[in-house]
Each structure stands twice: as C-alpha cells, then as structure tokens.
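Enquirer: Structure in structure tokens, see below.
The values are calculated or read from the model by the stated rules, or taken from the named source; none is laboratory data. Computed from a prediction, not measured in an experiment: that's the story for all the values here. Glycine also receives a Cβ, built like all others from the backbone with ideal geometry; neighbour counts cover every protein chain displayed. The area values use the complete protein model at the heavy-atom level, side chains included, leaving out ligands, DNA and RNA. Shrake-Rupley method; radii C 1.70, N 1.55, O 1.52, S 1.80 Å.
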Amino acid sequence: MKSAPFKYMRPDTLEEALSVLVEHGEDVRVLAGGQSLGAMLNMRIVTPSILLDLNLLTELSWIEEVRGFLATAALVRQRDALDDATVREHIPLLAQALPHVGHYQTRNRGTLGGSVAHADPSAEIPLVLATLGGEVELRTARQIRRVKASQFFRSALVTAREPDELLTALYWPRRNPAQRSAFVEFAVREGDFAIVAVACTLDAGTLRIGFAGCGETPQIIERTGLVDLDAATIQTIAREASAGLACQSDLLGSSEYRRQLAAVLASKAMSALTRETVHA
Amino acid sequence: MLEIEAGEKTTIRFTLNGKPVQAQAESRMQLADLLRHVLKKYGTHVGCEHGICGACTVLVDGRAVRSCLMFAAQVEGASVVTVEGLSNATGGLSELQAAFRRHHALQCGFCTPGILASATQFLQDNNAPSEHEVRDMLSGHICRCTGYTGIVEAILMTAQKRGGA
C-alpha cells in the first residue's frame, strides 16, 4: 500500500504554511505527526493533491501558561507532553490519558494538535479537551479565532476548521488545586482504538464525565451540587449518563454493548475519584 | 519552503547508521522504501504499512518511529539508525542483540529489527524497567512466533546487566 502521488510542501515558517492554505485550502492535507494520516494516505482513504508538512515549524512546539489555561502548540509530540512537568501539574487528566494514546512508538511522533484536528471518535486527546472544556486555536493568514471544543468536534473526522485555517494551539483549562480526575478505557489490546473511553473530573461538587467511542464526537455530561459521591450515587449517575448517550454499532460491538460498557467505565472512573479522595 | 512536485524526485541528504548518505526519492516515497529499495538496507522489514505491526520501526534522531508512516523527504538532515547500525563497534552482536539470542527472543526474525530499535530507545529512557513497562512498550510490535516471553526476558536482562535493575 503506497500513497497516491501528491505534491510535498514543507514550509520553513508559519506564514508560509498559512499562505499555502489560503491558496490551495481544499486540496491540502496537513501533516503533523502522521500517525493517523500516514496510514490513511497509504491505504488511499485520502488522496490529497498537496501534503503540507508542518514538521519544521518550531513556532508550533511550545507549552505555555496563558491566564487560566495551559496552552500547547499544535506540534507538541504526545511523548513530550507526557514527559512535561507543567502538563502533569496543570492538566493531570491529559497526563492520565496519554499512556492510552497509541503505542510508545507512535507517541514519539504523534502530536496533540494532530489528534484533535483528526477528530477520531474514539481518540483520547479530543475527549480530554472536551471534558475539560478546552479550546482550539485556528489561524488563517488574516485572523486568529478560538473555538470551544464542544463546538469544534462536529462529527466523526469532521471539525469546525475551515479549509484555509490551521489548528495552531490547544487551550487546556488549568486544574484547580481541589480538582480530581480519572481516565479509564477498554480496548481489545493495549494501544488499540478504545471501544469506549471515559474521562472524569470532580471539582467543588461539579462532576463532568466525558465519553469517547460511543458516538461520533465526545459526549459530556455534568452534575452539579454533589455532596457525596457514595457507591449508590455513582451507580445512579453511571446508569443515567449512559442511558442518554448516542451509541453506535460496529464490528467491535453493538450500541447496547457500548452503552453497558460506558456505564461500567463511568462507575470505575468515579470510584477512582473517590479513592483519590481517601488518599489525599 | 521545500516543494517536490508529484512524481518528481529530489535528493535527500541525511545520516544513516553514522555515515552521511544521499538518495533520490519521490515525494510519496515512504522512509521504509527509501531504506530498502534505494539504499538497499534490507534489515528494516515492512509488514502492514499502516503503523500497526511495528516491523519497520527505526530510530530517527534517537526516537523509535514507524518508517512506513514517515516520508523519505522528512528525514532530510536527520540521523537514522536501522538494525544494521545497532551492532557493536567490531560488527558483532550488541549487548541487546546477544541477549535476544541467549533468551531465544526470536524465531523467524521478521519483527526483530523493529523491536531492537524500540528497545534501544526504551532502555535509554528507562534503565530499570518493570516487566509491565516492557510489555507495554512491546504492545507496539506484533510477534507471531515467540509469545513475547523471550523478548521480555532479553530486554529485562539487558537492563539488569547494565546495572539499572
């Protein structure tokens, strides 16, 4: 399996990359880490006329604290995010999720921005961004806009990015010191696509649970005013949350199987939050 | 900005196993094919060509990556190490390779070059890995002969021999 022919363009600056998108937008596929796109090109699921390789753009590989957010530039490798002390401190949910993203070898190359731009329904990084209520920075040659994750993911592999826009950074709300988080998923083998993945945060009585792998985009439920997360409450929330999910069927499982799995994993994630409380 | 038209070839210059090389590659050529078909380094094996099996894994600037998911043009200026570059200074088996032999960590050997590349970086990252960590790293490689037991042992024993574990 070899990619169909394409024109390879490797800009040295962000400005050059954006001008290629202005001129050729619809015909371009943007290459970041290539751990999903490379396979899609080889299998000819996508056949762009231009491949725009961002890998020389050092302007897109920084991690910075910006007001209430930790911002990560699009080309930050998953491996480097996992090793980064500020990521572990400010977005522990992402640090909990990253070991589940692909394999050791694909994390060496795969990027945070690439995963979000690709928007696979079972992907962990988009799930974490949506669960935390993060934002996506999109840039054209003329303007920069920020889109909330809840509006960015439109459908499976479909996002709010326009053809002339480049995803340049992700904004992750920084953890409030009292926030607790947990991440669990089920896949057939370690590193496979998750059948269902669940991310969960608890902060001052507000519980957010995000589900990936069920529907076409991450689905988030929120409960406020929680006083006690005891076993009975966990079971009730897990049952109610999973009942309201859009769930699809495919070769890996039926929609009913996914709904059941979502309830089990949500209970596990919430229980992990309470165990964390005990240890604190 | 580098531009390579579809179907056109360009010269790629990089370091392969410590030596400067240059080779002609089309824009869509995978790094794996550049190594095998152009530079005749057949030690890098190609299995699935979509990043799953791990056979084609090589080291690019010290990191284990799938050479089927990188294009040849992307290694311009980089340092690439294939299994041919992992032997010791006199051309004999490295410590890790010798451990693979001792622990029967291969049978047909198709997956071995990729696993050696990953294990090389992995042992640099983590000089005292647990069995769980080794198995987690190996989840990025498919071996249909060994059942992994010998591979896990070889990697753990190499770490131990180097004084980590």
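Enquirer: Among the residues in the stretch A:40-50, are any outside the structural domain of residue A:139 (by TED's automatic domain parsing) and within 18 Å of the chain's Cα centre (by Cα)?
Expert: No.
Enquirer: Give A:75, A:56 a once-over and let me know the one that is open to solvent by 30 Å² or more (accessible area, probe 1.4 Å), assigned to a loop (DSSP other than H, G, I, E, B) and either farther than 19 Å from residue A:14 by Cα or within 14 Å of another protein chain (Cβ to nearest Cβ) (or both).
Expert: Just one listed residue meets the conditions, A:56.
Enquirer: Moving to a separate point now. Hey, can you tell me all the residues within the stretch B:50-67 that are within 7 Å of another protein chain (Cβ to nearest Cβ), crowded, with 22+ Cβ neighbours inside 10 Å and not in a strand (DSSP E or B)?
Expert: Listed by number, the residues that qualify are B:51, B:54.
Enquirer: Spot the failing condition for residue B:42; the list is (1) open to solvent by 50 Å² or more (accessible area, probe 1.4 Å); (2) closer than 25 Å to residue A:50 by Cβ; (3) aromatic (Phe, Trp, Tyr), and only one is missed.
Expert: (2)
Enquirer: Of everything in the stretch A:20-46, what is crowded, with 16+ Cβ neighbours inside 10 Å, within 12 Å of chain B (Cβ to nearest Cβ) and among the aliphatic types (A, V, I, L, M)? Give them in sequence order.
Expert: Selection gives A:20, A:31, A:32, A:37, A:39, A:40, A:41.
Enquirer: Another question, then. Considering only residues that are on the phi < 0 side of the Ramachandran plot and surrounded by fewer than 16 Cβ atoms within 10 Å (Cβ to Cβ), which ones fall in the stretch B:2-20?
Expert: Matches in the stretch B:2-20: B:2, B:3, B:5, B:6, B:8, B:9, B:11, B:13, B:19, B:20.
Enquirer: Which count do you get for residues in the stretch A:78-99 that are out of contact with any Lys or Arg (no Cβ under 9 Å at 6 or more places or on another chain), surrounded by 19 or more Cβ atoms within 10 Å (Cβ to Cβ) and either closer than 23 Å to residue B:53 by Cα or of a type in the set (S, T, N, Q) (or both)?
Expert: So the count comes out to 2.
Enquirer: In addition: Quick one: in the stretch B:130-165, of everything that is over 24 Å from residue B:85 (Cα atoms), in a loop (DSSP other than H, G, I, E, B) and not polar (S, T, N, Q), which residue is farthest from the chain's Cα centre (by Cα)?
Expert: Ranking the candidates gives B:165 first.
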